[in-house]
Structures are given as C-alpha cells and as structure tokens.
Amino acid sequence: MTARAYSQDPDDELLHYRLSLRLGAVHARQRLGIERDTEARVFGRDHHSFHLENIYSAPGFIRTCLRLVGMLKRGQNNSRRLRTVDHQLRLPGLPPAFEGFRLLHLTDLHVDMDPENLQAVIDQITPLQYDLCVLTGDYRRLTWGPIEEAQAGMARLRKAIKGAPLAVLGNHDSIRMVPGLEDMGYRVLLNEHLRIERGNEYLYIAGVDDPHFYKVHNLQRAADDIPADGTSILLSHSPEIWREAVHAGFDAFLCGHTHGGQICLPGGFPLTLDADCPRALGRGHWQRGKMQGYTSPGAGTSVVNVRLNCPPEVTMHTLTRAG
C-alpha cells in the first residue's frame with residue numbers, strides 16, 4: 001500500500017536553474033530524480049527505511065485507537081509542552097576561543113503538522129541565548145507533495161531564530177525547499193561544511209543530505225577540506241551513519257529523526273525508532289570511539305500530533321574542552 005503520488009511540474013525552469021546554480025547541473029538532476037522516484041513510497045531505496053506516514057490510512061487509524069483508549073487529548077497536550085535540555089559537548093581539541101560556545105539544536109519540527117506546536121517552539125526559543133542555531137531536518141509534515149505550508153512555517157520560525165542558522169535536510173524534506181529556505185536566511189549544508197572563526201581559531205561544522213530514506217549523504221565531500229586537527233561537528237538528520245562519521249574523524253555528531261520513539265511505553269521505552277542503528281543511539285547523549293553524539297527526540301511530531309512518555313525538546317549544547 002502506498003500514499004497518493006504527487007506530480008511535480010517538470011516545467012519549473014526557475015527551480016531547476018536555481019538548484020543547478022546551487023548544486024551543479026548533474027547533482028541537481030540526480031537529486032530531483034531520486035526524490036521523484038522515491039518520495040511517496042513506504043520503503044526506502046535500501047528496503048529497510050520505512051515511512052509509516054506514506055500508508056494513507058495510518059494517521060487516522062492511530063488517532064482512532066488513541067481516542068478509544070482516552071489518550072489522544074493527553075498526547076496532543078504533551079506534544080505542545082516543550083522543554084529546553086542543557087547538554088555539554090566535551091571536545092578534547094576544542095580551541096580556547098570556543099570554550100562555552102552554545103549551539104541551539106532544533107530537529108524534526110514538522111512545522112505544518114500542528115500550528116500550536118510550532119508556536120510552542122517559537123515561544124520556547126525566543127528567550128534563549130546562544131551563538132549558533134543548527135537544525136537537523138524534517139521541516140515538512142509529509143514526505144511528498146506541496147512545500148508551501150512547510151515553507152511558511154519555516155519563515156515564521158526564522159523570525160524567532162537569532163543569527164544565521166545552519167540546516168540540513170531530512171527524509172521529509174524536498175530539495176525543492178532549498179532555494180526558499182536560503183532566501184529566508186537558513187544556510188543549508190548539502191554535503192558541505194562551514195568554517196566558523198573566532199580570533200585566529202576555527203570550528204568546522206559539516207552537514208550531509210538525508211542519509212536515511214534517500215541515501216544522498218556524502219561524508220567525503222562534506223569533510224575532505226577540514227584539517228585533520230580541526231575540531232569538527234557533523235549535522236545529520238539520522239544517527240545511522242555514526243560508524244562512517246567516527247572513521248571520518250568528526251569530534252561530535254548531532255542528529256534527530258527518531259523522535260525518541262514519540263509514543264513510548266511507561267519509562268520512556270520506545271516502541272520503534274525507525275533507524276538502522278543501535279537503540280542506545282536512539283535518544284540523548286552517546287559516544288562511539290572518540291566521537292561524542294547526541295540524538296534529539298525533536299520538537300515536533302510525525303504521523304499524528306501526539307507524544308506519550310517522550311517529551312519534545314529543544315537542545316542547548318555548550319562546547320567545553322575535555323580534561
């Protein structure tokens with residue numbers, strides 16, 4: 001069973017032109033083609049990744065079940081009660097100029113899913129103080145179809161974000177969103193990195209395209225020009241490329257995608273994480289080799305606007321030099 005397909009207008013010459021300028025003509029054609037072939041499928045290109053939301057009846061079925069057991073309203077209220085989680089990233093080679101540098105990490109916003117949730121995110125981040133905001137994907141509710149509502153939600157959010165945010169795409173996001181997001185002031189990292197300078201010292205932040213459903217990440221391209229002794233942080237939508245990231249030499253890895261399970265058993269035990277990685281990497285802090293990792297349960301919801309035993313969060317990472 002598959003979702004209703006969405007047919008993109010092949011004559012959108014301006015979009016193709018802008019994406020060709022941004023990505024290169026071949027990469028733009030390839031990325032658009034992969035998306036068109038895959039976006040409405042239930043199973044991804046590897047036949048392991050899964051889009052429950054692409055089963056057309058799934059949201060209604062889940063919502064009905066929750067209503068019957070009296071949990072729907074409670075779950076909806078939970079999804080709008082965000083918390084700010086403070087977390088320290090202890091990086092051995094952190095340049096002194098970046099001691100105390102604060103990253104606001106937002107992920108899995110699905111901004112067109114629930115207007116009340118989006119407003120809750122805006123209210124939560126408005127008073128926060130940070131040096132840089134990073135976003136790790138899934139801005140759209142569906143994995144296919146029009147992008148206008150998601151773009152409008154991201155424009156609302158952008159007004160609440162201080163400075164120039166960095167973002168990567170998730171499996172719900174269309175490459176067609178990139179020109180609009182960048183017009184708003186988001187810097188979208190598509191297998192690229194940015195060097196941040198303080199005095200004569202540098203921090204490198206790399207970002208990869210969706211590694212979960214579309215499998216269009218390229219760590220080599222993102223990291224090749226980062227010095228071996230440079231402190232580097234990888235933004236990825238999903239944690240499942242953790243092993244590649246360790247061997248690539250990243251110091252830290254920030255991601256989302258799992259929603260922490262979103263609907264969990266008492267005690268926060270997730271029924272599913274929908275990611276090809278150890279369950280220990282499914283939520284919160286983790287470490288593999290010398291690389292620190294953090295998988296945020298995210299601020300939004302997917303499939304249904306409900307959370308049970310898994311509160312939504314925005315995460316504040318403070319960088320500090322490990323002793």
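Out of all the residues in region 193-228, which are in a loop (DSSP other than H, G, I, E, B), farther than 19 Å from Leu23 by Cα and among the hydrophobic types (A, V, I, L, M, F, W, C)? The answer is Phe213, Ile226, Ala228. Here Asp276 fulfils each of the conditions (1) surrounded by fewer than 24 Cβ atoms within 10 Å (Cβ to Cβ); (2) free of Cβ contacts under 8 Å to residues at least 60 places away in the same chain; (3) within 18 Å of Phe213 (Cβ to Cβ) apart from (2). Being at pLDDT below 95, out of contact with any strand residue (DSSP E or B) (no Cβ under 6 Å at 6 or more places or on another chain) and farther than 28 Å from Leu142 by Cβ narrows it down to one residue among Gly323, Gly249, Gly260, Gly268; which is it? None of the others qualify; the one that does is Gly323. Considering only residues that are of a type outside the set (D, E, K, R) and touching a residue at least 60 places away in the same chain (Cβ under 8 Å), look in region 208-229 and name the one that is nearest to His317 (Cα to Cα). Top of the filtered list is His212.
Could you list, in sequence order, the residues of region 194-210 that are over 18 Å from Leu106 (Cα atoms) and either touching a His at 6+ places or on another chain (Cβ under 6 Å) or buried (at least 23 other Cβ atoms within 10 Å of the Cβ) (or both)? If the condition is that a residue be over 18 Å from Leu106 (Cα atoms) and either touching a His at 6+ places or on another chain (Cβ under 6 Å) or buried (at least 23 other Cβ atoms within 10 Å of the Cβ) (or both), then Leu203, Tyr204 are the ones that fit. Exactly one residue among Gly267, Gly300, Gly261 is crowded, with 24+ Cβ neighbours inside 10 Å and touching a residue at least 24 places away in the same chain (Cβ under 8 Å), and that residue is Gly300.
Touching a helix residue (DSSP H, G or I) at 6+ places or on another chain (Cβ under 8 Å), under 29 Å from Met71 (Cβ atoms) and in a loop (DSSP other than H, G, I, E, B), is that true of Asp274? Don't jump to the end; show me each part of the working.
Working: touching a helix residue (DSSP H, G or I) at 6+ places or on another chain (Cβ under 8 Å): yes; under 29 Å from Met71 (Cβ atoms): yes; in a loop (DSSP other than H, G, I, E, B): yes.
Spelling it out, Asp274 is indeed touching a helix residue (DSSP H, G or I) at 6+ places or on another chain (Cβ under 8 Å), under 29 Å from Met71 (Cβ atoms) and in a loop (DSSP other than H, G, I, E, B).
For the residues Ala97, Ala58, the requirement of being at pLDDT 95 or above, surrounded by fewer than 20 Cβ atoms within 10 Å (Cβ to Cβ) and among the hydrophobic types (A, V, I, L, M, F, W, C) singles out Ala97.
Within region 287-297, the set of residues being over 26 Å from Ile122 (Cβ atoms) and either without any contact (Cβ under 8 Å) to a residue 40 or more places away in the chain or out of contact with any Phe, Trp or Tyr (no Cβ under 8 Å at 6 or more places or on another chain) (or both) comprises Gln287, Gly289, Lys290.
So, in region 44-55, of the ones that are closer than 30 Å to Ile205 by Cα and assigned to a loop (DSSP other than H, G, I, E, B), which residue ends up modelled with the lowest pLDDT? Filtering region 44-55 for residues that are closer than 30 Å to Ile205 by Cα and assigned to a loop (DSSP other than H, G, I, E, B), the one modelled with the lowest pLDDT comes out as Gly44. Looking only at region 206-220, residues that are within 14 Å of the chain's Cα centre (by Cα), modelled with pLDDT under 95 and of a type in the set (A, V, I, L, M, F, W, C) come to 1 in all.
Sort out which residues of region 169-193 are of a type in the set (Gly, Ala, Ser) and crowded, with 23+ Cβ neighbours inside 10 Å, and write them in order of number.
Gly170, Ser174
Selection of region 123-146 for residues being crowded, with 16+ Cβ neighbours inside 10 Å, of a type in the set (Val, Ile, Thr) and modelled with pLDDT of 95 or more yields Ile125, Val134, Thr136.
No other residue among Ala150, Ala120 is crowded, with 23+ Cβ neighbours inside 10 Å and in contact with a helix residue (DSSP H, G or I) (Cβ under 9 Å, 6 or more places away or on another chain) apart from Ala150.
Yes or no: Leu190 touching a residue at least 24 places away in the same chain (Cβ under 8 Å) and either assigned to a strand (DSSP E or B) or among the acidic types (Asp, Glu) (or both)?
The answer is no for Leu190.
Quick check on this structure: which one of Asp108, Asp112 is at pLDDT 95 or above, within 20 Å of the chain's Cα centre (by Cα), buried (at least 16 other Cβ atoms within 10 Å of the Cβ) and at positive phi?
On inspection, the qualifying residue turns out to be Asp108.
Whether any residue in region 296-306 is of a type in the set (Ser, Thr, Tyr) and either part of a helix (DSSP H, G or I) or at pLDDT 95 or above (or both) is what I want to check. Yes: region 296-306 contains one or more residues that are of a type in the set (Ser, Thr, Tyr) and either part of a helix (DSSP H, G or I) or at pLDDT 95 or above (or both).
Does Arg156 qualify as being over 18 Å from Asn305 (Cα atoms) and surrounded by fewer than 23 Cβ atoms within 10 Å (Cβ to Cβ)? Spelling it out, Arg156 is indeed over 18 Å from Asn305 (Cα atoms) and surrounded by fewer than 23 Cβ atoms within 10 Å (Cβ to Cβ). Scanning region 153-183 for residues that are among the small types (Gly, Ala, Ser) and in contact with a helix residue (DSSP H, G or I) (Cβ under 8 Å, 6 or more places away or on another chain) yields Gly153, Ala155, Ala160, Ala167, Ser174, Gly180.
The values are calculated or read from the model by the stated rules, or taken from the named source; none is laboratory data. Just so we're clear, the structure is a prediction, and the values are computed from it rather than from any experiment. Ideal geometry is used to build each Cβ from the backbone, glycine not excepted, and the neighbour counts take in all protein chains shown.
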